[in-house]
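A short worksheet on the structure shown next.
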Amino acid sequence: MVAVGDDVSVESARRIALRAQGFGSARGRVDVRRVRKAIRRAGVLQLDSVNVVCRSHYLPAFARVGNYSRASLDRMSWGAHRELFEYFWGHKAALLPLDVFPLMRWRMLAAERQVWDDELSPDVTAPWSVVAGMRRLTAERPGYVDQVLRLVTEQGPLTAGEASPDGVRRKRSDPHPDPSTGTMWNWQDAKIAIEYLFCTGQVTIAGRRHFERIYDLTERVLPAGVLDAPVPTADEARRELVRIAARGLGIATLKELCGGSGQAHFPLPAATGREVIADLVDAGDLVPVRVEGVKQQSYRWHEAEDRPVEAQTLLSPFDPLIWNRDRTHHLFDFFYRISIYTPALQRVHGYYVLPFLLGDRLVARVDLKADRQNSTLVVPTLTAEPGAPDFVEQLAAELHLMADWLDLEHIAVPADGRTAAQLTERIRVTSTPARSVTADAEK
C-alpha cells in the first residue's frame, strides 16, 4: 500500500512531535497546574523500579516544567485527593489521568471473564504472568481468588505478600509451578490472584511502600464520581484512547499510535487499530500524511502545530517522546537503547543514559547517577552526537537544575574526554557557594 496525503519533512515531523509532547514552552514558575498540564501532554507516565537517578515517572514532568515538587506528583498519584491512577495497560505499568479510568472498563470486564485469547476478543490482553498463572490457579485452586478478594475486603490495604489467605509461600528452593512465565515473573499464588483482581478493576493501587504496590478495593480508593461515570462501549473507548495517543504524538504511524510491544500509549491489535484509525480519519481527527523516509502511512493530529522548538532538557529513557526507539531513530537520527540490561563490558554510552534535548535535536547521551550517600549528581559517561553544536553551557545549567530538584549538593563529572573536561569547568564557574564540582569522584 502506497502512503497518501501531503508530504511532511522529517524536520517538520520532529517539531510537531515535540510540540505535541509539550516541549518548547519556556520554563518558569512551576505549580500544580503546570505539572497537571505536562502530564496531560505526555499522556502516560510509565512506572519503572530503576532508581539510579530517581523513579522514572518523575522525570517527564521535570523535562517539561523544570524544578517542581515530586511530593506534589506523589499526592496526585496516591494521595487522598488523587488525580491519577495506576493501570498495567497504559503503555506498560503506568500512571494515567482519572478520566481515563472509564475508558479501561471494557478491558477490565473482559479480564474478569478471562477471555485472554478468545477469537471474539483478540485485543484483550494481560501480563503473561497473570494469564498463565490464572489458567493454573483456576484448575488447581478453584475459589482461591475469591479468598484473596475477601482478605483484601476485610483487612486491606495490603501488599501482595500480605494477601495470602493461608500464609503458604513457595520457597526459593521449590520448583516453579509454571516455567512458561520465566523465573522473574513466576509469582507467588497470592501475587497472581491480586494482580488478576487489579486487571479486572476490583482492586487498585492505594499507594506504594518503598515502591511496592499496596492494593485495596477500588471503591475505597478512587472517587465515586469516577466509578459512577458512564462506561463507554468498547468501540467508543478505543477511539478515545487512540485520540489521546494521537494528541500526544502529533504525527505517527499506526504502530506508533496503537501498536504492541511497548510502541504505543495504548496497544491494540493491528486489525482493530486499522478500524479505529479509519474511523478517526473519517471524523477528521486524523489527517493522512507522508513523512519523509517513512514507508508506512502516517497520520497527523488535526490540531498539531509545526512551530520552532527551543527546548533544553534531559529525557528519561521511559519518556513518551522517545520510548518508541524506532520512531526516535527516524525523527532524531538517534539510535537509542537503554543499557541497564546490557552486560557492563558491552555498554557503549553508560548504564542509565539520558538523551539531552537541545532545541529540536538530541545532541548528547548523558550517563547519570544520583549518589545520595554523598549528595552528588554524577556523570560517569558523556557522549556528544556527531555534528552536535556546542551544548556544554546548556548542559551545565540543566545539571544544576536537576541537582537542585533532587536536593543534591554536588555535581561530579568523572567522564573522560574533552567535552567532559569543558563541562566540569563550566559547572565549576557557575556553581553556587552551596555546590561543589569534581572531575574525579569515581576514578
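List of remarks:
- On inspection, Thr313 qualifies as surrounded by 22 or more Cβ atoms within 10 Å (Cβ to Cβ), out of contact with any Ser or Thr (no Cβ under 7 Å at 6 or more places or on another chain), under 21 Å from Leu395 (Cβ atoms) and among the hydroxyl-bearing types (Ser, Thr, Tyr).
- Only residues that are of a type in the set (Lys, Arg), modelled with pLDDT of 85 or more and out of contact with any helix residue (DSSP H, G or I) (no Cβ under 6 Å at 6 or more places or on another chain) were counted across segment 164-195, and they come to 3.
- Filtered by the rule that a residue be more than 21 Å from Pro127 (Cα to Cα) and either among the small types (Gly, Ala, Ser) or touching a strand residue (DSSP E or B) at 6+ places or on another chain (Cβ under 9 Å) (or both), segment 163-186 gives Gly167, Ser173.
- Subset tally (residues that are under 30 Å from Asp235 (Cα atoms) and either surrounded by 19 or more Cβ atoms within 10 Å (Cβ to Cβ) or at pLDDT 95 or above (or both)) for segment 127-139: 7
- Set Leu45, Leu95: member being without any contact (Cβ under 8 Å) to a residue 60 or more places away in the chain and in contact with an Asp or Glu (Cβ under 7 Å, 6 or more places away or on another chain): Leu95
- Single condition Asp333 does not satisfy, out of (1) among the acidic types (Asp, Glu); (2) within 26 Å of Ser25 (Cβ to Cβ); (3) buried (at least 17 other Cβ atoms within 10 Å of the Cβ): (3)
- Residue within segment 167-184 that is crowded, with 19+ Cβ neighbours inside 10 Å and assigned to a loop (DSSP other than H, G, I, E, B) present: no
- All conditions in (1) within 15 Å of Phe356 (Cα to Cα); (2) outside any loop (DSSP other than H, G, I, E, B) hold for Phe318, with the sole exception of (2).
- Meets criteria (in a strand (DSSP E or B) and modelled with pLDDT of 85 or more) for Gly161: no
- Every listed requirement among (1) farther than 19 Å from Val44 by Cβ; (2) assigned to a loop (DSSP other than H, G, I, E, B) is met by Ala264 save one, (1).
- Residues that are open to solvent by 20 Å² or more (accessible area, probe 1.4 Å), in a loop (DSSP other than H, G, I, E, B) and not small (Gly, Ala, Ser) within segment 210-229 comprise His210, Phe211, Pro223, Asp228, listed in sequence order.
- Candidates in segment 231-261 are the residues that are in contact with a Pro (Cβ under 7 Å, 6 or more places away or on another chain) and outside any helix (DSSP H, G or I); of these, the one that is nearest to Pro288 (Cα to Cα) is Gly259.
- Gly207 meets all of the listed conditions (1) crowded, with 18+ Cβ neighbours inside 10 Å; (2) under 21 Å from the mean Cα position of the chain (by Cα); (3) modelled with pLDDT of 95 or more but one, namely (1).
- Listed conditions (1) over 23 Å from Ala38 (Cα atoms); (2) modelled with pLDDT under 95; (3) surrounded by 14 or more Cβ atoms within 10 Å (Cβ to Cβ) are all met by Leu345, apart from (3).
Residue-wise test of (1) more than 24 Å from Asp404 (Cα to Cα); (2) more than 21 Å from the chain's Cα centre (by Cα); (3) buried (at least 23 other Cβ atoms within 10 Å of the Cβ); (4) not acidic (Asp, Glu).
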residue: Ile16; (1), (2), (3), (4): yes, no, yes, yes
residue: Ala20; (1), (2), (3), (4): yes, no, yes, yes
residue: Ala26; (1), (2), (3), (4): no, yes, no, yes
residue: Arg34; (1), (2), (3), (4): no, no, no, yes
residue: Arg41; (1), (2), (3), (4): yes, no, no, yes
residue: Val44; (1), (2), (3), (4): yes, no, yes, yes
residue: Val52; (1), (2), (3), (4): no, no, no, yes
residue: Tyr58; (1), (2), (3), (4): no, no, no, yes
residue: Gly66; (1), (2), (3), (4): no, no, no, yes
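- Close pairs from segment 140-164: first farther than 11 Å from Leu197 by Cα and open to solvent by 60 Å² or more (accessible area, probe 1.4 Å), partner modelled with pLDDT of 95 or more and of a type outside the set (A, V, I, L, M), Cβ under 6 Å, at least 6 apart: Pro157/Asp216
- The criterion of being under 17 Å from the mean Cα position of the chain (by Cα) and open to solvent by 40 Å² or more (accessible area, probe 1.4 Å) does not hold for Arg361.
- Selection count where residues are farther than 17 Å from Gly259 by Cα, part of a helix (DSSP H, G or I) and either open to solvent by 10 Å² or more (accessible area, probe 1.4 Å) or modelled with pLDDT under 90 (or both), scope segment 77-126: 12
- Single residue of segment 248-299 satisfying the filter (open to solvent by 30 Å² or more (accessible area, probe 1.4 Å) and among the hydrophobic types (A, V, I, L, M, F, W, C)) that is farthest from Leu103 (Cα to Cα): Val294
The values are calculated or read from the model by the stated rules, or taken from the named source; none is laboratory data. None of these values were measured; they are calculated from a predicted model. Glycine gets a Cβ as well: all are built from the backbone with ideal geometry, and neighbour counts include every protein chain shown. We work out accessible area using only protein heavy atoms, side chains counted, and drop any ligands, DNA or RNA first. Shrake-Rupley method; radii C 1.70, N 1.55, O 1.52, S 1.80 Å.
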